[in-house]
Amino acid sequence: MLKIRSSEITPEHIYLSRRKFMIGIGSAAVGALALAACDGMPGAPAASAAEPVELATAKLPDLPAVLNHSEPTAGATTDELGDGLNTFEQITHYNNYYEFSVDKESVAPLSQGFNTLPWNIEVTGLVNQPKTFAFEDILKQFTQEERIYRLRCVEAWSMVIPWVGFSVGDLLKQVEPKAEAKYVQFTSVMRPEEMPGQSGRSFIEWPYVEGLRIDEAMNPLATFATGMYGKPLEPANGAPFRLVTPWKYGFKSIKGIVKIELTDTMPESTWMKAAPNEYGFYANVNPEVNHPRWSQATERRIGELGRRDTLKFNGYEEEVASLYAGMDLRENF
Ligand code: MTE
């Protein structure tokens, strides 16, 4: 009997929320990147009323003209559940990117001039074809498509975001993971001279590191984002290249990636190191497992009054639940 793994099937509603378009390379001036993380951390530095830092303006390869408008490419205004998209302004001015600031509203001004070119992404470790990709080549080699996903932060707020990107698995297949490769570790850029949060005292060990099990990384929902609302990513959202794992808490969606390493041991992520009793490796959105310091049963959708119920796996249960068959999601939080 023909067996198709569930990760190879794209359910129709997800399929319909994606729109493919080829990315060409042009040239246009664009800024750079930034983000933030989890407030209320023990020992978290007080939010700084950050002064914008003057940085050289970078040039980023343009997404094609078809993407350069402030509406989602195909005119979609909701996700597959019918929830409205958050605005470009909300998505780019309420950010977690601790390399710049722990204050969500300071990330955009602090990251404005961050240099996103040249940008290389090294893919290494347990692979047969290790490779360093220049960001421009990523835009050329992988078909970029719009993917509208909910982002649910562990802090219990959420947004609906029209990303532009492609599946993590497409890139991993190019480097041919070895049979022993069981995990994928992602590392963010280390640039204290441009990222004020990396130069002061911090409870975070830099660079920011995240990880996925390889089958999670190969799930079609795991996305490398290069754009948002049809434009290149803003520095505040992780330009030029970040991960988006919509069924997991937002801290797994690591920004400003410069290195991807295939390993046989479970990576220890930044938040696991910072507070192991609060943040686990899996970090799947789960309304039944509370954070030790707050409930995860409900969330605040940015731009809405009141709260809404949090959905298991952030509403992507059909696509990802099989990855965790037989696992105790309370123990493996
Ligand atoms: N990646 C890096 N490198 N540094 C960070 O501080 N914060 C994470 C994640 N990726 C973070 C990061 C957290 S806590 C969240 S909720 C999301 O980015 C926020 O993404 P957004 O600002 O694009 O909404």
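Here are the numbers for this structure:
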item: Close pairs (7 angstrom Cβ cut-off, 6 or more residues apart or separate chains): farther than 11 Å from GLY256 by Cβ in segment 182-211, within 12 Å of the ligand (Cβ to nearest atom) and modelled with pLDDT under 95 anywhere; result: PHE203/MET41; PHE203/ALA44
item: Some residue of segment 232-254 being open to solvent by 10 Å² or more (accessible area, probe 1.4 Å), more than 8 Å from the ligand (Cβ to nearest atom) and in contact with a helix residue (DSSP H, G or I) (Cβ under 8 Å, 6 or more places away or on another chain); result: yes
item: Members of segment 198-241 that are assigned to a loop (DSSP other than H, G, I, E, B), closer than 28 Å to LYS140 by Cβ and of a type in the set (Gly, Ala, Ser); result: ALA222, GLY230, GLY238, ALA239
item: Meets criteria (of a type in the set (Gly, Ala, Ser) and open to solvent by less than 10 Å² (accessible area, probe 1.4 Å)) for ALA222; result: yes
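Yes/no per residue for (1) modelled with pLDDT under 95; (2) open to solvent by 10 Å² or more (accessible area, probe 1.4 Å); (3) touching a Ser or Thr at 6+ places or on another chain (Cβ under 9 Å); (4) of a type outside the set (Ser, Thr, Tyr):
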{"residue": "SER158", "(1), (2), (3), (4)": "no, no, yes, no"}
{"residue": "VAL168", "(1), (2), (3), (4)": "no, no, yes, yes"}
{"residue": "GLN174", "(1), (2), (3), (4)": "no, yes, no, yes"}
{"residue": "ALA179", "(1), (2), (3), (4)": "no, yes, no, yes"}
{"residue": "GLN185", "(1), (2), (3), (4)": "no, yes, yes, yes"}
{"residue": "GLU193", "(1), (2), (3), (4)": "no, yes, yes, yes"}
{"residue": "TYR208", "(1), (2), (3), (4)": "no, yes, yes, no"}
{"residue": "GLY227", "(1), (2), (3), (4)": "no, no, no, yes"}
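The values are calculated or read from the model by the stated rules, or taken from the named source; none is laboratory data. Since we're looking at a predicted model, the values are computed, not measured. Every residue, glycine as well, gets a Cβ built from its backbone with ideal geometry; the counts of neighbours run over all protein chains shown. Side chains included, ligands, DNA and RNA excluded: accessible areas come from the protein's heavy atoms. Shrake-Rupley method; radii C 1.70, N 1.55, O 1.52, S 1.80 Å.
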